[in-house]
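What follows is a single structure, written as structure tokens, with notes after it.
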Amino acid sequence: MIQSLSSAPANQTHLSNLERLLRPHPESQPPQPAPRIRLLPTTLRIPPLHISQSNTEENVSPRSLSHLSQLLSDTSRHSSPRTNIAPRWRDLHGCSDWSGLVDPLDRDLRRELLRYGDFIHSAYHAFFHSTAPQLPDRSYRLTRHLFATSSIRIPSWTSPSSLSSSWIGFVAVCNNEREIRRMGRRDIVIVLRGTATALEWAENLRVNLVPHLNASQAKVECGFHSLYTTPGASKPSLSSAVTEEIRRLVEIYKNEELSITVTGHSLGAALAILIADELNGSAMEASMPPIAVYSFGGPMVGNRAFSERVDERGAKVLRVVNAHDLVTRVPTWFCGGYEHVGTELKVDSKVSPFLKPDANPACCHDLEAYLHLVDGLGGGDGCQFRPNAKRSLVRLISQQRGNVKKLYVNKARALGLELVDEVGLPEAAMLR
């Protein structure tokens, strides 16, 4: 059970015990400098919000010293051993709208959500570091890069960083036979990052509803429609690229059991729903494999007619929503007529024993914070946090240390973890 430390002396005792636990015995090893573990750069993709926070902080401890040491090591970032899901993959993929799997959160569904969430992390990392995506699951092979183009006109003298087409994600397919047997099918995944460029921010603010793909009643946000359907000067539209690649892959593997999983965060979550809607409504609908969307922190996409059309076409959507994430409530604040799609999986950043109860809006929308909450979701009233959560705190502390309780930030420093800020600078450099 997670317990509270009742006093300052108890805190000091807790930390001293942990240091003794982690310190090698002097006779067993030669003296060595403290290890320096460089944390991954941030994947939060919204501007920093300067919001004052209370200095009050609950003193909460994991269930044991060994558990805390594991969570503060980079090794626990990797998921626990995967079970054979072949007999029930269709249920996990939403064939029954995840009935009975959400509360309490099914163990295998939790692992699937974390696995696909890490795919989104790889998309963010690739974009901000201008590198090829390093897929977190080596069972998959990247087959196509995806680009989104804004229809907002920009002056010809603008810098290259303001170009209207931006890399936004990728398509990959599982090509490991052992993993295919474990999952019960060959999986095709479409991965989409969230907002990252000025033009994407501008598109997010175009909140008027427009007809989508020649529909008269089904309407979606203008900015999402623009990014999805606009071709670039040398790039096809996101819509064309995805449908073309999915047709190609379905034809290649037409004699196999297939699934299509679309996953995204924030803007990527909205675009994922547009993709699922179009694929299920395409001319090749009869041969289309089952399609599921796993979205994290996604805004509302369209009106009720659009929501009903997505449901009628058979796309299954599981939306992971933090109760305190403002993004999931827009754009209804600015423009009425919007409605969410699919099944909601609710998490709550206030119940995490590691995050401050007054975590700011940036943290409440952060992808790693979402995955931390999914890993800890225990079910029941109040989205209780399970005491045996396994996901490492390394990335969370690196990206959201201002929102993580000081007890754990201080212990990370004591263990030699090099905290890196949003632009990749070590913490020491920030204090100069």
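On the given criteria, is Leu249 under 22 Å from the mean Cα position of the chain (by Cα) and among the aliphatic types (A, V, I, L, M)? No.
Here's the yes/no breakdown for (1) open to solvent by 10 Å² or more (accessible area, probe 1.4 Å); (2) touching a residue at least 60 places away in the same chain (Cβ under 8 Å):
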| residue | (1), (2) |
| --- | --- |
| His265 | no, yes |
| Ala286 | yes, no |
| Pro290 | yes, yes |
| Val293 | no, no |
| Val301 | no, yes |
| Arg304 | yes, no |
| Val310 | no, no |
| Val327 | yes, yes |
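The single condition from (1) within 26 Å of Arg248 (Cβ to Cβ); (2) in contact with a helix residue (DSSP H, G or I) (Cβ under 6 Å, 6 or more places away or on another chain); (3) among the small types (Gly, Ala, Ser) that Ser287 fails is (2). For segment 329-363, the tally of residues that are part of a helix (DSSP H, G or I) and closer than 30 Å to Leu407 by Cα stands at 6.
Residues in segment 331-342 that are crowded, with 18+ Cβ neighbours inside 10 Å and either without any contact (Cβ under 8 Å) to a residue 24 or more places away in the chain or touching an Asp or Glu at 6+ places or on another chain (Cβ under 9 Å) (or both): Pro331, Tyr338, Val341, Gly342.
Within segment 393-421, if we keep just the residues that are at pLDDT below 85 and surrounded by fewer than 16 Cβ atoms within 10 Å (Cβ to Cβ), the residue that is farthest from the chain's Cα centre (by Cα) turns out to be Ala414.
Taken over segment 338-370, the residue count meeting the criterion of being closer than 16 Å to Gly297 by Cα and in contact with a strand residue (DSSP E or B) (Cβ under 6 Å, 6 or more places away or on another chain) is 11. In segment 204-219, is there at least one residue being within 24 Å of the chain's Cα centre (by Cα) and open to solvent by less than 20 Å² (accessible area, probe 1.4 Å)? Within segment 204-219, none of the residues are within 24 Å of the chain's Cα centre (by Cα) and open to solvent by less than 20 Å² (accessible area, probe 1.4 Å). With respect to (1) under 23 Å from His121 (Cα atoms); (2) in contact with a helix residue (DSSP H, G or I) (Cβ under 6 Å, 6 or more places away or on another chain); (3) assigned to a strand (DSSP E or B), the lone exception for Ile168 is condition (2).
Filtering segment 198-207 for residues that are free of Cβ contacts under 8 Å to residues at least 12 places away in the same chain, within 19 Å of Thr332 (Cα to Cα) and outside any strand (DSSP E or B) leaves a non-empty set. Of the residues making up segment 129-169, those that are hydrophobic (A, V, I, L, M, F, W, C), under 24 Å from Gln399 (Cα atoms) and at pLDDT 95 or above are Leu135, Trp167, Ile168. In segment 383-398, the residues that are within 15 Å of Ser69 (Cβ to Cβ) form Cβ pairs under 6 Å with partners that are assigned to a loop (DSSP other than H, G, I, E, B) and of a type outside the set (S, T, N, Q), at six or more places apart or across chains, as follows: Leu393/Leu72; Val394/Leu39.
So is Asn214 at pLDDT below 95 and either polar (S, T, N, Q) or in contact with a Leu (Cβ under 7 Å, 6 or more places away or on another chain) (or both) or not?
Answer is yes for this residue.
The values are calculated or read from the model by the stated rules, or taken from the named source; none is laboratory data. Small disclaimer: the values here were computed from a predicted structure and weren't measured. So basically every Cβ, Gly included, is an ideal-geometry build from the backbone, and we count neighbours across all protein chains shown. Surface accessibility is based on the protein's heavy atoms, side chains included, excluding ligands, DNA and RNA. Shrake-Rupley method; radii C 1.70, N 1.55, O 1.52, S 1.80 Å.
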